[in-house]
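Peer 1: Structure in structure tokens, see below.
Each value in this text was obtained by applying a stated rule to the coordinates, not by laboratory testing. Remember, it's a predicted structure, so these values are computed and weren't measured experimentally. When we count neighbours, we look across all protein chains shown, and the Cβ atoms used for this are built from the backbone with ideal geometry, even at glycine.
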Amino acid sequence: MLRDRIKNFVPHTPQEAADQELVLYCLSRGDELLTRENPVCHFTASAWVVNPGRDKVLMAYHNIYRSWAWTGGHADGEEDLCAVARREVEEETGLQGLLLLCSEPIALDVLPVPPHQKRGKPVASHLHLNLTYLFEGDDALPLRIKEDENSRVGWLPAGELSRYVSEEAMLSVYQKMMDRAGEYPPALSGK
């Protein structure tokens, strides 16, 4: 159950502890949080995908934010957020053969979304209650873009994300992911 997963999440930072409290508060209100019908906040899932050498991370150039970003998306009614994260990687990059490195989320973040236009319609500012799952992927496999969401996909050098990411607030989140990814040994053999 999602509530238990959030409750049992062990925060690694004071910010994650504060975000965990906020997510639990939102869940306690009984509002629908698994769909975008909630205009204030709703669940999303992200995938942090690293190569076996842990020196590259899979990212997409996001059309709305005009920045390189992790892959992920809205729960859209799905409670299995790990499955959402996997699906989003495959849809947004075409990468197949992902290996889940940890069955529990490696991060919990409440991410503010600024007002923007999506498919010609205005979207008000709101919060994403985001869980991130860690995957390993083969950086030699082919990738493809998803034209309605991104214009480029690629394996970026993990130590140089600040050269690519224009959303400055996300750099500390991405560094947190790289630090956590380093805690897991490579899963793909021969790499």
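Peer 1: Out of Ala124, Ala158, I need the residue that is under 20 Å from Thr44 (Cβ atoms) and among the hydrophobic types (A, V, I, L, M, F, W, C). Which one?
Peer 2: Ala124
Peer 1: Select, from Gly94, Gly120, the only residue that is on the phi > 0 side of the Ramachandran plot and without any contact (Cβ under 8 Å) to a residue 40 or more places away in the chain.
Peer 2: None of the other options fit; the residue is Gly120.
Peer 1: May I ask you to verify whether Ser162 is over 20 Å from Leu33 (Cα atoms) and either of a type in the set (A, V, I, L, M, F, W, C) or in contact with a Leu (Cβ under 8 Å, 6 or more places away or on another chain) (or both)?
Peer 2: yes
Peer 1: For Ala17, work out the one condition from (1) free of Cβ contacts under 8 Å to residues at least 24 places away in the same chain; (2) assigned to a loop (DSSP other than H, G, I, E, B); (3) of a type in the set (Gly, Ala, Ser) it doesn't fulfil.
Peer 2: With (1) free of Cβ contacts under 8 Å to residues at least 24 places away in the same chain; (2) assigned to a loop (DSSP other than H, G, I, E, B); (3) of a type in the set (Gly, Ala, Ser) applied to Ala17, the lone miss is (2).
Peer 1: If you don't mind, another one. For Pro115, only one of the following conditions fails: (1) within 20 Å of Arg87 (Cβ to Cβ); (2) free of Cβ contacts under 8 Å to residues at least 24 places away in the same chain; (3) not charged (D, E, K, R). What is its number?
Peer 2: (1)
Peer 1: Might you check whether a residue that is among the charged types (D, E, K, R), touching a strand residue (DSSP E or B) at 6+ places or on another chain (Cβ under 9 Å) and closer than 22 Å to Ser172 by Cα occurs anywhere in segment 26-36?
Peer 2: no
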